[in-house]
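Here is the structure we will look at.
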Amino acid sequence: MNPTGVGIIGPGSWASVSHIPVIAASPAFELRAVSTSRRSSAEAASARYGVPGFDDARDLIARPDVDLVVVAAQVTQHLEVISAALRAGKAVYSEWPLGNGLAEAEQLAELARTSGVRTVVGLQGRYAPQVRLARELIHQGYLGRVLGTTMVGSGMVWGGEVASHSQAYWFDDSKGANTLTSATMHALDPFHHVLGELDTASANLVVGRREATVTEDGSRIAVTAPDQVAIIGTLASGAAASVFYRGGTSRGDNFRWEINGTDGDLVLTAAWGNMQVAQLALSGGRGADTTVAPIEIPAAYTDDVSADLAPTPAANVARLYDHLARDIAEGTRTVPDFEHALRRHRFIEAMRRSSADGTAQSLA
């Protein structure tokens, strides 16, 4: 089978350390074109990756050798470029969030339905070996009946400083990429994958830091996006759940997820709070154990990624691409798609309502 031709819109910092090395290492995909917002950066990307470069995404989308359009641009650009790709009949891999708010996500999901093309959303955390093994252990009865779970993490960015004005949009609630929509949801997707969906939940969304410093020139910018995210609820199984994500980093634990059951406990930890790219560790204890101990991850969970990619932020992206390649080859649809993304956007909107009016939200 010929490789799927990929065009990347926004081959900047994230795509350069994730999508591009994954595509280069995969026989199932081949990079065919890149697009940026400026002619100079398009030419630089073209020279760097050895493919045509464009400063108009429509030119990339129109190429007959591009089968899959990867959208790694700022979320405020997603609606326009994803819509164009879908209307052109191209498959689309959108980085998360899908849209800047629920209305855009609804529009894009509906357009994907009517166009009938394959879609993917970049929620790759569920493919981490430790997450997959934890899910399997729970299904095997390692914990007995799950009683409750707590997750605490750091968004790593969204602290008191930001490197440049080009990244300042992270702190603007109108731009769609903040502690709630990005870091928290990247963690909650694996959370739901392992434990099932929340049935009801309440949220407290707080703007803790009112200003941040742009380190490139020392200027101050206003913070309008919530950087302290607290969610408490009940899973469909009846288990209690709490999630807290902070902007910035902690001098304590930057990621800890504990799952407690009638017969045992599982704990996932990492030094880095953005769990979709973190190097996770899994520990567990059950029965007569008085503490948790590291659980060895079987090779079957880790040998799906090359040794070069395994310790990098690209590891789980590679696993998502591997599942996508199988979906394409077999005609299946297993990877998170735009319908899945829409459900996650509806959750975000429910948490915003809860925080605004102080009521628990039914999510069933």
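The values are calculated or read from the model by the stated rules, or taken from the named source; none is laboratory data. What you see is a predicted model; the values in this text were computed from it and never measured. Glycine gets a Cβ as well: all are built from the backbone with ideal geometry, and neighbour counts include every protein chain shown. In case anyone asks, the SASA skips ligands and DNA or RNA and just uses the protein heavy atoms, side chains included. Shrake-Rupley method; radii C 1.70, N 1.55, O 1.52, S 1.80 Å.
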If each of Ala236 and Glu80 carries a label point 7 Å out from its Cα toward its Cβ, how far apart are those two points in nm?
3.8
Arrange the peptides 59-70, 129-140, 173-184 so that the one whose residues have, on average, the most other Cβ atoms within 10 Å appears first.
173-184, 59-70, 129-140
Per residue accessible area in Å² of the range 8-93, where ligands, DNA and RNA are left out and the probe is 1.4 Å:
43
Taking 0.36 nm per residue of separation and subtracting the Cα-Cα distance, what length does fully extending Ser250 through Asp327 add?
23.8 nm
Would you please give the FRET efficiency between Thr262 and Ser174, computed as 1/(1 + (r/R0)^6) with r the Cβ-Cβ distance and R0 = 51 Å, to the nearest 0.05?
0.65
Listed peptides 81-88, 103-110, 322-329 by packing density, highest first (mean Cβ within 10 Å):
81-88, 103-110, 322-329
Let me have the 222 nm mean residue ellipticity of the chain computed from DSSP H runs of 4+ only, each contributing -39500 (n - 2.57), with the sum over all residues rounded to the nearest 500.
-9500 deg cm²/dmol
Simple spin-label estimate for Ala300/Gln107, 7 Å along Cα→Cβ, in nm, reads 4.6
How tilted is helix 315-330 with respect to the longest principal axis of the chain? Cα atoms for both, answer in degrees (0 to 90, nearest 10).
70
Considering only DSSP beta bridges whose two residues both sit in the chain, what percent are antiparallel, to the nearest 5?
60
Sequence ranges 219-229, 338-348, ranked by mean other-Cβ count within 10 angstrom, highest first
338-348, 219-229
Under a 5 Å amide H to amide H cut-off, with H placed in plane at 1.01 Å, what residues pair with Leu147 once short-range neighbours are removed?
Asn260, Gly261, Thr262
Only Lys, Arg, Asp and Glu count, each charged at its Cβ (+1, +1, -1, -1), so figure out the dipole size of the chain about its Cα centre, rounded to 20 debye.
280
So if R0 is 30 Å, what FRET efficiency would Ser37 and Thr114 give, r being the distance between their Cβ atoms, rounded to the nearest 0.05?
0.60
Crossing angle, helix 78-87 versus the chain [Cα axis fit, 0-90 degrees, rounded to tens]
60
Carbon and sulfur atoms account, in whole percent of the 1.4 Å probe accessible area of the chain, for 49
